[in-house]
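Below: one structure, written as structure tokens.
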Amino acid sequence: MIKVEHLSKTFGNNEVLKDISIEINKGEVVSIIGPSGSGKSTFLRCINLLEQPSKGKIFVSGQDLTESKTNVTKAREKIGMVFQHFHLFPHLTVLENLTYAPTKVKKMTREEAEEKGRTLLARVGLAEKETAYPNSLSGGQKQRVAIARALAMEPELMLFDEPTSALDPEMVKEVLDVMKDLAHSGITMLVVTHEMGFAREVGDQVLFLDEGRLVETGEPKAFFENPQSERAKDFLAKIL
Amino acid sequence: MNLDFSQIVPYIPFMLEGIWVTLQFVIVAIIVGFVLGTVLALFKIGSIKILRRIADVYTSIFRGTPLILQLMIIYYAAPQLLDYDISPFLAAILGFGLNSAAYVSEIIRAGIQAVDRGQTEAAKALGIPYRQMMIDIILPQALKNILPALMNEFITLTKESAIVSTISYLDLMRRAQVVGANLYRNFEPLLFVGLLYWSMIMVLSLIGKWIERRLNVSD
């Protein structure tokens, strides 16, 4: 599904990602963890080319996104993304947020897109909010709408960039519940997170990044109970 | 005190007609300025260097020279250089439209840059092409933020429109002068058109407030 080969990213003189290679299978739920500044978010943002990799290749569903003749805009249709700060379109209603891209980009009919949008809103538990504007929603509600908005494009892959980090503690669960539900639906998910509970229980694989390097990968159970690298042991000791 | 408004009464219809004459070219000039200004703003924030340069030079020229000079150059240069007998109406639209575009482009550029970068990223992540993202996502949010500045520009343009009287365009201001010359009294007609200008600006301000309220429904 995803193949990353020798990915490096530098900002000026600052090398934030160093030679990362990884393969992720279809349907896998991968948690990306590590200390802040380790390059987790940059790594995730390279997958849909919101950050242009400095070196290396990124394949999604067999297509090389770093190839210059690849239509990146087109490729992004298949890659949903959820941001830490939601980034809903504030001038559109909740339902319009969900139907905009499907109608304008995928050329779905309005009726079709609205029906799909309503189904998704019901799935994230916000059916009654379709005519509300984003600014009237709580953080947890905004994030659930943002997830539904990404899903409305019927992506094959979903990227989550610290989806619960900007939320009040009591709203984290409602978002994680939606993500758990999604994880069980068979979609491929990459989740940058500080929620170790989620990484341990829901993930199929954990990637541990530190100072721009992919230090350790493994199944969650093995990683959390018996981390191999010193750096991972150290990190887990501090947070668990 | 020597004030006699009764003398201007026969000329009132003539002066009132000036409202429409002024509005006619002001409206067209505002549209020209707004459309061209938007295009220039997009050039300025775009990634194509030559277009950025063009937009910057354009702004520098039209902001850096007096409007009355630009107006006269357009009015007198067109017949001389292009052998085209330009009408005062067309010269006025061009002069004001081109000038206003320079100011509007700066306002819109600032407005676009003030929209949260996350909006662009969210649109990109959804696979929305640049053009559609600008038209449907970024510009509507930018316009909401810059509406007061934009209304200010339109109000300035409406008032400054009085200088078209210098190229013998028969606008509100020019009509006051014509009436003044006929009556040998300038004060009354000038005061009268002053009132008309003020009324026009009031209406414009009210329209602006109304649009602002409508755009704020999402808050």
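Brief remarks on what is shown
- Whole-Å distance, taken between Cα centres, linking region A:133-208 and region B:114-182: 41
- Sulfur and carbon atoms: percent of accessible area, chain B [1.4 Å]: 66
- Peptide-level mean, for B:114-124, of C-beta atoms on other protein chains within 10 Å: 5
- Simple label model, 7 Å out from Cα along Cβ direction - A:Asn71 to B:Ser168, nm: 5.8
- Length-normalised contact order of chain B in % [C-alpha pairs under 8 Å, at least 6 apart]: 27
- Only Lys, Arg (+1) and Asp, Glu (-1) charged, at Cβ; chain A dipole about Cα centre in debye: 600
- For the listed peptides A:10-19, A:210-219, a ranking on the average number of other beta carbons within 10 Å per residue, highest first, reads A:210-219, A:10-19.
- Using the Cβ-Cβ distance between B:Ile50 and A:Asp19 with R0 = 51 Å, the FRET efficiency computed as 1/(1 + (r/R0)^6) comes to roughly 0.85.
- Summed residue charge, Cβ within 13 Å of A:His85's Cβ, Lys/Arg positive, Asp/Glu negative: -2
- Net charge contributed by nearby residues that have their C-beta within less than 14 Å of B:Phe89 (K/R +1, D/E -1): -1
- For peptide A:80-88, the mean count of partner chain Cβ atoms within 10 Å of a residue's Cβ comes to 4.
- Amide N proximity, region B:169-206 versus B:Leu23 label position 7 Å along Cα-to-Cβ, cut-off under 19 Å: B:170-176, B:192-206
- Extension gain, B:Arg63 to B:Leu90: 0.36 nm times the residue separation minus the Cα-Cα distance gives 7.7 nm.
- Taken as Cα centroids, region B:83-112 and region B:14-44 sit 8 Å apart, rounded to the nearest whole angstrom.
- Residue-normalised accessible area of region A:67-155, expressed per residue, 1.4 Å probe, Å²: 43
- Gyration tensor (alpha-carbon) shape descriptor, chain B, a/c threshold 1.5: oblate
- Axial C-alpha extent at least 24 Å, average Kyte-Doolittle at least -1.0 - helices from chain B (DSSP): B:12-45, B:88-114, B:139-160, B:187-215
- Peptide-level mean, for B:127-135, of C-beta atoms on other protein chains within 10 Å: 4
- Over all other residues within a Cβ to Cβ distance under 13 Å of B:Thr59, the charged ones net out to +3, with Lys and Arg as +1 and Asp and Glu as -1.
- Legend: translational diffusion of the protein assembly as shown by Stokes-Einstein, Rh = Kirkwood radius over C-alpha pairs, 25 °C, 0.890 mPa s; D = 94 µm²/s.
- C-alpha center-to-center spacing [region A:225-240, region A:1-43] in angstrom: 19
- With a simple spin-label model that places each label point 7 Å from the Cα along the Cα-to-Cβ direction, the separation between A:Met196 and A:Ser136 comes to 4.1 nm.
- Per residue, region B:172-219 exposes an accessible area of 63 Å² to a 1.4 Å probe, with every protein chain left in place.
- Label-zone membership for region B:160-202, site B:Phe5, 7 angstrom Cα→C-beta point, backbone N under 15 Å: B:187-199
- Listed by chain and number, the lysines whose alpha-carbon sits under 18 Å from that of A:Lys173, ignoring those within fewer than 8 places in the same chain, are A:Lys142.
- Nearby aspartates and glutamates by direct alpha-carbon distance to A:Lys55 (threshold 18 angstrom, same-chain neighbours under 8 apart not counted): A:Glu5, A:Glu15, A:Asp19, A:Glu23, A:Asp64, A:Glu67, A:Glu211
- Which of A:Ser41, A:Ser8, B:Ser6 is most accessible, then next, and so on - probe 1.4 Å: B:Ser6, A:Ser41, A:Ser8
- Within the protein assembly as shown, percent of DSSP bridges classed antiparallel, to nearest 5: 55
The values are calculated or read from the model by the stated rules, or taken from the named source; none is laboratory data. Only a predicted model underlies this, so the values are computations on that prediction, with no experimental measurement involved. So basically every Cβ, Gly included, is an ideal-geometry build from the backbone, and we count neighbours across all protein chains shown. Protein only, heavy atoms only, side chains kept; ligands, DNA and RNA dropped before computing areas. Shrake-Rupley method; radii C 1.70, N 1.55, O 1.52, S 1.80 Å.
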